[in-house]
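A.B. asks: One structure coming up, written as structure tokens, with questions to follow.
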Amino acid sequence: MLELKHISYVVNDAGVEQTILNDVSVTIPDGKLIVFTGPNGGGKTTLAKIIMGLVTPTQGQILLNGQDVTALSITERARLGISYGFQQPPRFKGITVRDLLTIASGDDKLTKDKCCHYLTQVGLCANDYLDREVDVSLSGGEVKRIEIATLLARGSAFMIFDEPEAGIDLWSFARLTETFESIHRTHSATMIIISHQERIISLADEVIVVGGGVLQYRGTADEILPKIMQDTTHGCPVLTRKEAATL
Amino acid sequence: MINEVDQALLEKIADLVGKPVGALNIRKDGGCEARQSTEHIKIDARTDGKEGIDIRILDGTKGEKCFIPVVISKSDYAEMVYNDFYVGENCDVDIVAGCGIHNSGCDEARHDGVHTFHVGKNSHVRYAEKHYGEGDGTGTNVMNPQTVVYLDEGATIQMETVQIRGIDSTKRFTKIVCGKGAEALITERLLTHGTQLAESDMEIILDGEDSKGRVISRSVAQDESRQVFRPIVVGNDKCFGHVQCDSIIMGSAKIESVPAITANSTEAQLIHEAAIGKIAGDQLLKLQTLGLTEEEAEDRILKGFLA
């Protein structure tokens, strides 16, 4: 179980304080699939990065299975079973797909069969990719799918995916949602997925709408989706005012 | 006599363990420790009074290897060696050179070497050159290798130079002249640290029609070390040349990269790319999320980069 208690994150931008997250508290039970959704710049990614240790909160506490991990490094959290799939994964000159999967698995003798298993789950063929470098020769979608495969290879108990659908084609996306469904069905990991995709939102046990640095709504996909649709039809308030003035 | 220290050096610079199969010449502190010719590869001392050997590879020699490593175990020592390679036509051979210095003294140990290759028509040569230095003394290890290659019609050379740590000062010069349809690929890997200095000048002259030249240079400069690269490609006919220099800079190191391309023909297609930068923060973070410490992540990134 993961508990976030009164998490705040305030940045100082040229002397002006800006609150990115404001007193956020949430509990994520084991084996659940939670989707964070909400408007861009609302604080979703920051909250996820705080869990992984990529961002240090200015206030608050993070407990993993009762252990306070707030002061632990990224590495220590990774070794406790938290993993993180970046929205825009880095590329590495000279490090192959096989190398990354091997590092992720922690098994120096990771077999090709196992690599193949992880890559198939994200819609990639091991024969085509295993010995390729994770560099600029790969497309954004390919790097993204390799990123997700590293989390599968890591096999951690708590997985965070930041917009896994971004840059991925429709066919691979369908394969990817099957993978998330399978992990969820077998309760082999707790998952937080940051997503705007209805298909992924509909997989969630609980959907949390993060906006303006707070948790705005929580509920099931059936409860939350209509609210999201309602909010997105409002359009631009400035434009609406201008349009009204010209009438 | 080859002792355990020499044996370890030979393994590092030429992957030599035990007695290798193929032609062989081991030079130690200016003397010849071992020499072995084969039916197709003849190694002889030079006859012009200069230090070094002549290596003659007969026409049609395929799948054979030739090892010519150099070991220096003395301090206050300098040598200038000339090795000439005459590779016949239609050959396909591996040549492994390299120099290892074990300097336990307080004076300089220095190896200057000039390797000149004449590669015959349609021959393919893979040439590996590793440089390595060690020793617990305060003396400096210096290596200044020069490699000059003449590729005849349809000939190719894949040249791999590696220098990872241990060499305090190096000034290397590589020149390859490509004839018609000839192809040169140079892969350079370099890591300097402490106050080391490395300068690498390269010149690929694409003289023949449909000749190709490619330089892939990757380097890491740590601490207060300095590196200077000057790769030059000259296209004199219909040809293709590509220079790619990537460097990772760390600590208070300094790197200068000055690639140059010169086209003397409208049919010459030449490209150069050079990049210098520190290890990207997101690369370190990614590997930390996979359970590596920051130091382990850094090592892994450098290992991959220089692989």
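A.B. asks: Within region B:243-297, how many residues turn out to be under 30 Å from A:Lys49 (Cβ atoms) and more than 14 Å from every other protein chain (Cβ to nearest Cβ)?
C.D. replies: Final tally of qualifying residues: 3.
A.B. asks: Those residues that are touching a Lys or Arg at 6+ places or on another chain (Cβ under 8 Å) and either at negative phi or hydrophobic (A, V, I, L, M, F, W, C) (or both), I need them from region B:9-25; list them, please.
C.D. replies: Within region B:9-25, the subset touching a Lys or Arg at 6+ places or on another chain (Cβ under 8 Å) is B:12-14, B:20-25.
Once the filter is applied, which keeps residues that are touching a Lys or Arg at 6+ places or on another chain (Cβ under 8 Å) and either at negative phi or hydrophobic (A, V, I, L, M, F, W, C) (or both), region B:9-25 yields B:Lys12, B:Ile13, B:Ala14, B:Pro20, B:Val21, B:Ala23, B:Leu24, B:Asn25.
A.B. asks: Additional query: For B:Val228, which of the numbered conditions (1) farther than 30 Å from B:Gly194 by Cα; (2) surrounded by fewer than 18 Cβ atoms within 10 Å (Cβ to Cβ) fails to hold?
C.D. replies: The single condition B:Val228 does not satisfy is (1).
A.B. asks: Could I ask something else about it? Please specify each residue of region A:94-114 satisfying the condition of being part of a helix (DSSP H, G or I) and more than 22 Å from the chain's Cα centre (by Cα).
C.D. replies: The first filter runs over region A:94-114 and keeps only residues part of a helix (DSSP H, G or I), leaving A:97-105, A:112-114.
Result: A:Arg98, A:Asp99, A:Lys112, A:Asp113, A:Lys114.
A.B. asks: Going by what's in this entry, would B:Ser217 be described as without any contact (Cβ under 8 Å) to a residue 60 or more places away in the chain and closer than 16 Å to B:Ala184 by Cα? Please lay out each step first, then the result.
C.D. replies: Working: without any contact (Cβ under 8 Å) to a residue 60 or more places away in the chain: yes; closer than 16 Å to B:Ala184 by Cα: yes.
The answer is yes for B:Ser217.
A.B. asks: Can you find a residue that is more than 14 Å from every other protein chain (Cβ to nearest Cβ), within 29 Å of A:Leu124 (Cα to Cα) and in a strand (DSSP E or B) anywhere in region A:18-34?
C.D. replies: Within region A:18-34, one or more residues are more than 14 Å from every other protein chain (Cβ to nearest Cβ), within 29 Å of A:Leu124 (Cα to Cα) and in a strand (DSSP E or B).
A.B. asks: Got at least one residue in region A:51-74 being within 9 Å of chain B (Cβ to nearest Cβ), part of a loop (DSSP other than H, G, I, E, B) and closer than 30 Å to A:Ile228 by Cα?
C.D. replies: Filtering region A:51-74 down to residues within 9 Å of chain B (Cβ to nearest Cβ) leaves A:52-54, A:73-74.
Next cut, part of a loop (DSSP other than H, G, I, E, B) only: A:53-54, A:73.
Retained after the next criterion (residues that are closer than 30 Å to A:Ile228 by Cα): A:53-54.
Looking for residues that are within 9 Å of chain B (Cβ to nearest Cβ), part of a loop (DSSP other than H, G, I, E, B) and closer than 30 Å to A:Ile228 by Cα, one finds at least one in region A:51-74, hence yes.
A.B. asks: Which ones in region B:286-304 are under 18 Å from A:Leu101 (Cβ atoms) and within 25 Å of the chain's Cα centre (by Cα)?
C.D. replies: Taking region B:286-304 as the starting set, the residues that turn out to be under 18 Å from A:Leu101 (Cβ atoms) are B:286-292, B:296-297, B:300-301, B:303-304.
Passing the criteria: B:Arg300, B:Ile301, B:Lys303, B:Gly304.
A.B. asks: Scan region A:152-162 and tell me whether some residue there is at the interface with another protein chain (Cβ under 10 Å from one of its Cβ atoms), part of a loop (DSSP other than H, G, I, E, B) and either free of Cβ contacts under 8 Å to residues at least 60 places away in the same chain or not β-branched (Val, Ile, Thr) (or both). Full working, then the answer.
C.D. replies: First pass over region A:152-162, keeping only residues at the interface with another protein chain (Cβ under 10 Å from one of its Cβ atoms): A:153-154, A:156, A:160.
This time we only want the ones that are part of a loop (DSSP other than H, G, I, E, B), so: A:156.
If we keep only those that are either free of Cβ contacts under 8 Å to residues at least 60 places away in the same chain or not β-branched (Val, Ile, Thr) (or both) as well, we get A:156.
Yes.
A.B. asks: Here's another thing I want to ask about it. Conditions: (1) of a type outside the set (Phe, Trp, Tyr); (2) more than 15 Å from the chain's Cα centre (by Cα); (3) part of a loop (DSSP other than H, G, I, E, B). A:Pro89 meets all but one. Number of the miss?
C.D. replies: (2)
A.B. asks: Condition (residue is of a type in the set (D, E, K, R), touching a residue at least 24 places away in the same chain (Cβ under 8 Å) and within 10 Å of another protein chain (Cβ to nearest Cβ)) applied to region A:77-89: is it met by at least one residue? Don't jump to the end; show me each part of the working.
C.D. replies: Taking region A:77-89 first, the residues of a type in the set (D, E, K, R) are A:77, A:79.
So of that shortlist, the ones also touching a residue at least 24 places away in the same chain (Cβ under 8 Å) come out as A:77.
After this cut, where a residue has to be within 10 Å of another protein chain (Cβ to nearest Cβ) as well, the list is A:77.
The answer is yes, given that some residue of region A:77-89 is of a type in the set (D, E, K, R), touching a residue at least 24 places away in the same chain (Cβ under 8 Å) and within 10 Å of another protein chain (Cβ to nearest Cβ).
A.B. asks: Take B:Ser211 and decide whether it is away from chain A (no Cβ under 14 Å), under 20 Å from B:Glu153 (Cβ atoms), buried (at least 23 other Cβ atoms within 10 Å of the Cβ) and among the hydroxyl-bearing types (Ser, Thr, Tyr). Before you say what the answer is, go through the steps one by one.
C.D. replies: Details: away from chain A (no Cβ under 14 Å): yes; under 20 Å from B:Glu153 (Cβ atoms): yes; buried (at least 23 other Cβ atoms within 10 Å of the Cβ): yes; among the hydroxyl-bearing types (Ser, Thr, Tyr): yes.
Judged against the criteria, B:Ser211 is a match.
A.B. asks: Let me ask something else about it. Of everything in region A:134-151, what is of a type in the set (Asp, Glu) and either modelled with pLDDT of 95 or more or part of a helix (DSSP H, G or I) (or both)? Give them in sequence order. Outline the logic, then answer.
C.D. replies: Initial filter on region A:134-151 (of a type in the set (Asp, Glu)): A:135, A:142, A:147.
Those that are of a type in the set (Asp, Glu) and either modelled with pLDDT of 95 or more or part of a helix (DSSP H, G or I) (or both): A:Glu142, A:Glu147.
A.B. asks: Could you list all residues from region A:97-123 that are within 9 Å of chain B (Cβ to nearest Cβ) and surrounded by fewer than 19 Cβ atoms within 10 Å (Cβ to Cβ)?
C.D. replies: Scanning region A:97-123 gives a single hit, A:Gly106.
The values are calculated or read from the model by the stated rules, or taken from the named source; none is laboratory data. Keep in mind that this is a model prediction, so the values were computed, not measured. Virtual Cβ from ideal backbone geometry, glycine too; neighbours counted across all protein chains shown.
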